[in-house]
Amino acid sequence: MKITKVETVYDGFYKMRKLTLEHEGEKLIRERFEPGNAVAALVFDTNKQQFAFVRQYRIGPETEMLEIPAGMLDKEGEPTEDAMRREIEEELGYAVDKLEHIVDLYPSPGGDAEQIKVFYAEVSRRTGEGGGVEGENENISVVMLSWDELLRENLQDAKSLVAVQWARLRLKD
């Protein structure tokens, strides 16, 4: 497949592009949702021996969801580790002691260009309240979970499921 033309059909909070592709002499039209790229982390408080999650309203499912903290890469060229540390401090109110890259994933590659860089983070020191950044209209609650509580949660968020599965394979017996 070869992309021969890209048009912006919507440029708001997110972008939507119309792509013209050529495949074996045939012309194909596809739309691609472009929300930008993001970072996310499974965060473990080494003092409390608990995982720190966030609960917030999500427009896609039109309900609150329990998720690992995450956020968009705000600045062009911003190192992903810096963005992840910033998001953990903003959403959870913790400074990061250790940050380990888990995987880069595409949550819905059939029509979505978003890539999420998923990390595992260890924290031990609160630096603030968390809950998000004032002015960004975030209504985030911090939820602390033991390992057993986490395993009983019915998570529906893909990045959180990937991170918890990684933890099941790597962190626990």
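The values are calculated or read from the model by the stated rules, or taken from the named source; none is laboratory data. Predicted model only: the values in this text are computed from it and were never measured. No Cβ is skipped: glycine too gets one built from the backbone with ideal geometry, and neighbour counts run over all protein chains shown.
Per-structure values
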quantity: Residues of segment 15-27 satisfying the condition of being surrounded by fewer than 12 Cβ atoms within 10 Å (Cβ to Cβ) and either touching a Lys or Arg at 6+ places or on another chain (Cβ under 8 Å) or not charged (D, E, K, R) (or both); calculated: His23, Gly25
quantity: Condition met for Ser160 (surrounded by 15 or more Cβ atoms within 10 Å (Cβ to Cβ), of a type in the set (Ser, Thr, Tyr), under 15 Å from Phe53 (Cα atoms) and out of contact with any Leu (no Cβ under 7 Å at 6 or more places or on another chain)); calculated: yes
quantity: Filtered residues of segment 129-153 (kept if exposed (fewer than 12 other Cβ atoms within 10 Å of the Cβ) and either over 18 Å from the mean Cα position of the chain (by Cα) or in a helix (DSSP H, G or I) (or both)); calculated: Glu129, Glu134, Gly135, Asp148, Arg152
quantity: Residues satisfying the stated conditions in segment 36-52, i.e. within 12 Å of the chain's Cα centre (by Cα) and surrounded by 15 or more Cβ atoms within 10 Å (Cβ to Cβ); calculated: Asn37, Ala38, Val39, Ala40, Ala41, Leu42
quantity: Extreme residue, modelled with the lowest pLDDT, among residues of segment 6-56 that are over 23 Å from Ser146 (Cα atoms) and aromatic (Phe, Trp, Tyr); calculated: Phe13
quantity: Glu138, sole failed condition from (1) more than 15 Å from Arg55 (Cα to Cα); (2) touching a strand residue (DSSP E or B) at 6+ places or on another chain (Cβ under 7 Å); (3) acidic (Asp, Glu); calculated: (1)
quantity: When residues of segment 76-127 are limited to those that are of a type in the set (Val, Ile, Thr) and either without any contact (Cβ under 8 Å) to a residue 24 or more places away in the chain or more than 21 Å from Ser141 (Cβ to Cβ) (or both), the one surrounded by the fewest Cβ atoms within 10 Å (Cβ to Cβ); calculated: Val103
quantity: Hey, Ser160 modelled with pLDDT of 95 or more, outside any strand (DSSP E or B) and not aliphatic (A, V, I, L, M) or not; calculated: yes
quantity: Residues of segment 52-68 satisfying the condition of being without any contact (Cβ under 8 Å) to a residue 60 or more places away in the chain and of a type outside the set (D, E, K, R); calculated: Ile59, Gly60, Thr63
quantity: Residue check for Leu73: modelled with pLDDT under 95, outside the structural domain of Val6 (by TED's automatic domain parsing) and exposed (fewer than 15 other Cβ atoms within 10 Å of the Cβ); calculated: no
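Okay, residues lined up against (1) in contact with a Phe, Trp or Tyr (Cβ under 9 Å, 6 or more places away or on another chain); (2) free of Cβ contacts under 8 Å to residues at least 60 places away in the same chain; (3) among the β-branched types (Val, Ile, Thr); (4) more than 30 Å from Ser160 (Cβ to Cβ):
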{"residue": "Lys15", "(1), (2), (3), (4)": "yes, yes, no, no"}
{"residue": "Gly25", "(1), (2), (3), (4)": "no, yes, no, yes"}
{"residue": "Glu34", "(1), (2), (3), (4)": "yes, no, no, no"}
{"residue": "Val39", "(1), (2), (3), (4)": "yes, no, yes, no"}
{"residue": "Val43", "(1), (2), (3), (4)": "yes, no, yes, no"}
{"residue": "Gln50", "(1), (2), (3), (4)": "yes, no, no, no"}
{"residue": "Gly71", "(1), (2), (3), (4)": "no, yes, no, no"}
